[in-house]
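Quick notes on the structure that follows.
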Amino acid sequence: MRLGELNIIIFGTGNYYKLSKQYIDLDQVIYFVDNDPQKAGTVLDGKEIRTPEEADFEECDYVLVLVMRYQSILKQLSELGVKGDQIKLYPDLDDLFAVKPYIYREGRKYEVKQWVECCREKKVMLICHELTRNGVSVVLMHVARILKEMGYHPLMSALLKGELVEELQENKIDYISQINMMYGGKLFALLVQEMDFVIVGTIGIADVVHRIAWTKIPIVWWIHESNDKDFNDFPIVVREPIYYYAGGKRVVECFQRHYSQVSIEKMLYCIPDSQIRRKKKDDIFRIGIIGLIYPRKAQDIFVAAVEKIPSEKKKTVSFEIVGKYLEPVIDLDNVLKRNPEIKYRKEMSQKDLSDYFSGLDLLVCPSRDDPMPVVVTQAMQYGIPCIVSDQVGQSEYIVNGKNGFVFPSEDSNSLKEIISYCIDNRNMLHHIGLESRKIYESHFSERAMKNSLEKIVDRIKG
């Protein structure tokens, strides 16, 4: 229960404080604590900021930690003598203050209890990290669409809000965001207990599963990560009834390395089928790499391969890097200056991306680790041939030269050879694209996903 008037010390003055500020009663806050020594002695919202060493934690009832990566803060507080039951984390905000999030439905907003009362159908919650156009959020949105067709009322929920909200509204899918400030509290637990089952996307929000596991509502944990670091950083919850699913063969193999005694099944995502009309206004052969620009996506390998192709061969080719610049992996400005045949396009909406695909001849995905990138599936759907590294999930379905191409990850020489072959033999790529389309139809279509969801429902019902 919420404990009325309290004396609270808030640890953290950054983004998570800004996100939660609307719910906090500052009259109950004694002062702030922050590890940044430059903030010590300054004032925030009328309250002093102190270093942890300057704070007297015996003055307060609770320390509220508003730091995303809070593990090191918990250790620090323990060393300073603060007891565990005196600490609240940002997901517990609802235990201290009156958090009133809204669920958005068809242009209107509802409080949680109002939404539950007006939605009498079978309900399913789908939880992701953020409502952005990242792969997991997009595929969960498509799952929500199919669940609606199956007679369920889906609710998309996320720790953070983002631009995917527009597409959720277009598809008339209800959503709630900013649950990072409440998923440890009683209100969120009550909402979860109204569900027939919950689908959690990614292992990275394992803490959410830990917080709602006690409700005993069936949880479908759909894991998409395929690297050991994520499994080490985010231990899974093993209990009934949690059902584990993997977004591809590489995910299954990684999961079994860490949890060999836990059963996991493969379930691939779907994207809605649509056709595009090919646009060819000139003789330029367009080769694209699409995705966030950061080390895992390996744009540096793509650039290295392009630079090794003879200039004469590149005269009628446009190499295009598409996506949001996230972390240094290439010096984009210098790459563009020294390679006039390489172009850059900013991140696109799904609508703009479909239009972009209509003029694309070849997609390259050289990722160092990419369990099942949506952009590759989209290209296959449109009959566009793909070159992928052997660390890309779709590589398990590709037969070299028949329905696509696979090269060893990190090997820019091999990638260069395949790109050169495609430039020289571009007339044969149409047939390879048609064969690539068959991969989409067999594994990533809405029909395939509906079959998977029906099996899950049967499994949950027992």
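Here the calculated FRET efficiency for Leu190 and Lys18, from their Cβ-Cβ distance with R0 = 30 Å, stands at 0.65, rounded to the nearest 0.05. Estimated at 0.36 nm per residue, the fully extended path between Thr215 and Leu26 surpasses their Cα-Cα distance by 64.8 nm. By the rule of a C-alpha distance below 24 Å, with chain neighbours fewer than 8 residues away ignored, the lysines paired with Lys148 are Lys109, Lys113, Lys122, Lys123, Lys161, Lys172, Lys216, Lys266, Lys351, Lys450, Lys455, Lys461. Label reach from Asp228 (point 7 Å along Cα→C-beta): in region 245-276, amide nitrogens under 20 Å belong to 249-262.
Can you give the net charge of the other residues whose Cβ lies under 11 Å from the Cβ of Arg145, counting K and R as +1 and D and E as -1? Net local charge, Arg145 excluded: -1.
Protection proxy ranking of 323-329, 250-256, 41-47, by the mean of other Cβ atoms within 10 Å over each peptide's residues and highest first, is 250-256, 323-329, 41-47. Each residue of region 14-31 was assigned a 3J(HN,Hα) from its phi angle through the Karplus curve 6.51 cos²θ - 1.76 cosθ + 1.60 (θ = phi - 60°); the sequence is x, 4, 5, 5, 4, 5, 9, 3, 4, 9, 8, 8, 5, 5, 8, 8, 6, 6 Hz, with glycine and proline shown as x. In this rough spin-label picture, where each label sits 7 Å from Cα along the Cβ direction, the Lys122-Tyr325 distance is 4.9 nm. The slack between Arg426 and Glu48, meaning 0.36 nm per residue of separation minus the straight C-alpha distance, is 129.4 nm.
Using a 7 Å offset from Cα along Cα-Cβ at Lys279, what residues in region 330-364 end up with backbone N under 18 Å from the label point? It comes to 343-363, nothing else. Given a Förster distance of 25 angstrom, what is the FRET efficiency for Glu265 paired with Ser442, based on the Cβ-Cβ distance and rounded to 0.05? After rounding to 0.05, the efficiency reads 0.90. Taking the helices alone, the chain has a mean residue ellipticity at 222 nm of -9500 deg cm²/dmol, built from -39,500 (n - 2.57) per DSSP H run of at least 4 residues and averaged over all its residues.
Label sites at Asn339 and Leu434, each approximated as a point 7 angstrom past Cα along Cα to Cβ, lie 3.3 nm apart. Model label sites at Asp355 and Asn7, defined 7 Å from Cα along the beta-carbon direction, differ in position by 6.1 nm. Highest mean first, the peptides 160-173, 285-298 sorted by other C-beta atoms within 10 Å per residue fall in the order 285-298, 160-173. Computing FRET efficiency as 1/(1 + (r/R0)^6) for Glu253 and Glu79, where r is the C-beta to C-beta distance and R0 is 51 Å, gives about 0.85.
Element breakdown for the chain at a 1.4 angstrom probe: carbon and sulfur atoms account for 47% of the accessible area.
Treating each Cα of region 1-146 as one equal point scatterer and applying the Debye formula with no solvent, the log10 of I(q)/I(0) at q = 0.15 Å⁻¹ comes out as -0.87.
With the biggest extent put first, the Cα atoms of the chain measure 74, 55, 46 Å across the principal axes.
The values are calculated or read from the model by the stated rules, or taken from the named source; none is laboratory data. Everything quoted here is computed from the prediction, not taken from an experiment. So basically every Cβ, Gly included, is an ideal-geometry build from the backbone, and we count neighbours across all protein chains shown. Note: areas computed on protein heavy atoms with side chains; ligands, DNA, RNA excluded. Shrake-Rupley method; radii C 1.70, N 1.55, O 1.52, S 1.80 Å.
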